[in-house]
Amino acid sequence: MKIAPLSGFPEWLPDGRIVEQQILDTLRDTFELHGFSGIETRAVEPLDQLLRKGETSKEVYLLNRLQGGDAQEAELGLHFDLTVPLARYVLENAGKLDFPFKRYQIQKVWRGERPQDGRFREFAQADVDVVGADTLAFHHEIELPLVMVDALSKLPIPRVVVRASNRKVAQGFYEAIGIDDVVETLRIVDKLDKVGPQVVTEMLGESVGANAQQARLALALADIRGSDAGVADQVAALGHTSALLEEGLQELVQLIEGANELLPGSVVADLKIARGLDYYTGSVFESTMIGHEDLGSVCSGGRYDSLVSDGKKTYPGVGLSIGVSRIISRVISRGLVVPSRKVPTCVLIAVNDESERRHAELTAVALRKRGISADVSPNSAKFGKQIKFADKRGIPFVWFLTDEGEQIKDIRSGEQIAADPATWEPPAADLRPGLRGA
């Protein structure tokens, strides 16, 4: 039976899964180093909650029982990101959480969009957020991109550049030049990298009624970038100002200079960034891998002041999300990252003949008790074939029972020495599969 592949739902081979697991482990460890606690939320949310924060209904997968359910049962959808579930989680558990609440979350999400390079219908995200009660200090907007820079710099992938802007800058500037529909303008400018300045100019005219001068100024703002206070001077040179614009510029300069003082070269200002979702209210971030800008942003997010509220209390936050599957897909498909071996196994226990299989299994048990991954050869073929079995999988060591006693062979170097399963230790680098750039 021929099985047709289902596009948009990635499945990695075992060596690709090792790459994914090690990347996820690195992210998890780094988030915890920065004091973030891990949580996991349910895969489904009420549909009305999913659609409240700017997502379009055509991208949400509905959840229905095959035989139908109670007509009064709430319509449920699979979550398309981890921010909306976080909002609900905070409201439900506010009385039990300590604020500011620092959480990380690594889970699958589902989005019904057209599959293409780096874009999937089912994919893994890794989020970090800080949520406050009523207020949230600005310094967290500096903290979050530095957490991501730290995490991403530990991965064996091309260097990632974190670019920042501030929604107050864009909104204040658009209002200053007479554009009324700020939200739609932000959505249009957010498409600049995809469609180019000419199409954006046309869309601004058609959708928000921007004249040629307003469109020119909007594009001029989007063209500004830098890594220090000079960014504010470039904006001022455009000749328009407002109180909101000045507030946003002050925050942006504080962010850029604060981040780069703590970690030089970590964040650059790029006023082209708009972030289309309407719940962002302050700093916004996007990140691209150098040499792979065609992949789009691999890490994005920002400040939101009104996403989480119960009508009495508001829980402002700032967060960033890594598109883990997007990164993994690129590094696997281009061979940018490869595991040191295809399997977790460190040692293959050879079997002289089937009558000695129990001895081989006991050797494996002894090694496993000491945290050394061991497997027993599936057959008692000639040693040469058992070595080939190990070599094909990248298993570095083969264990033998010889007339001279127990011995282990490093099949990469050919060195073979006497060994005791109660004391032998592999080199630290061989204990687990490692990752390396191709």
Task: Set A422, A428: member being closer than 25 Å to Q21 by Cα, modelled with pLDDT of 95 or more, exposed (fewer than 12 other Cβ atoms within 10 Å of the Cβ) and out of contact with any strand residue (DSSP E or B) (no Cβ under 7 Å at 6 or more places or on another chain) - done: A428
Task: In the stretch 323-335, the residues that are open to solvent by 10 Å² or more (accessible area, probe 1.4 Å) and either of a type in the set (S, T, Y) or over 19 Å from Q116 (Cβ atoms) (or both) - done: S329, S333, G335
- [ ] State whether the residues of the stretch 303-311 include one that is open to solvent by 10 Å² or more (accessible area, probe 1.4 Å) and of a type in the set (V, I, T).
- [x] no
TODO: Collect the residues in the stretch 94-120 that are at pLDDT 95 or above, open to solvent by 30 Å² or more (accessible area, probe 1.4 Å) and in a strand (DSSP E or B), keeping them in residue-number order.
DONE: K102, I106, K108, W110
Task: Where a residue in the stretch 198-225 is more than 13 Å from L186 (Cα to Cα) and its partner, wherever it lies, is open to solvent by 10 Å² or more (accessible area, probe 1.4 Å) and not aliphatic (A, V, I, L, M), with Cβ under 6 Å and at least six apart - done: I224/Q234
TODO: Name, by its number, the condition in (1) among the aliphatic types (A, V, I, L, M); (2) outside any loop (DSSP other than H, G, I, E, B); (3) open to solvent by 20 Å² or more (accessible area, probe 1.4 Å); (4) in contact (Cβ under 8 Å) with a residue 24 or more places away in the chain that does not hold for A232.
DONE: (4)
Task: Neighbours by Cβ (under 8 Å, 6+ apart or cross-chain): first from the stretch 282-307, without any contact (Cβ under 8 Å) to a residue 12 or more places away in the chain; second part of a strand (DSSP E or B) and open to solvent by 10 Å² or more (accessible area, probe 1.4 Å) - done: none
TODO: Can you give me the number of residues within the stretch 259-294 that are surrounded by fewer than 18 Cβ atoms within 10 Å (Cβ to Cβ) and part of a helix (DSSP H, G or I)?
DONE: 5
TODO: Kindly indicate the residue of the stretch 191-222 that is surrounded by 14 or more Cβ atoms within 10 Å (Cβ to Cβ) and outside any helix (DSSP H, G or I) and also modelled with the highest pLDDT among those meeting that condition.
DONE: A210
TODO: Scan the stretch 403-438 for residues that are under 30 Å from S333 (Cβ atoms) and part of a loop (DSSP other than H, G, I, E, B) and jot them down.
DONE: I411, R412, R432, P433, G434, A438
- [ ] Mind listing just one residue for me: the one in the stretch 137-175 that is assigned to a strand (DSSP E or B) and touching a Leu at 6+ places or on another chain (Cβ under 7 Å) and, of those, surrounded by the fewest Cβ atoms within 10 Å (Cβ to Cβ)?
- [x] V160
Open item on the list: When you scan the stretch 39-47, do you find a residue that is open to solvent by less than 20 Å² (accessible area, probe 1.4 Å) and either out of contact with any Pro (no Cβ under 8 Å at 6 or more places or on another chain) or not aromatic (F, W, Y) (or both), even just one?
Closed with: yes
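The values are calculated or read from the model by the stated rules, or taken from the named source; none is laboratory data. A quick note: this is a predicted structure, and the numbers were derived from the prediction, not measured. Don't worry about glycine lacking a Cβ; one is built from the backbone with ideal geometry, like all the others, and counts go over all protein chains shown. Protein only, heavy atoms only, side chains kept; ligands, DNA and RNA dropped before computing areas. Shrake-Rupley method; radii C 1.70, N 1.55, O 1.52, S 1.80 Å.
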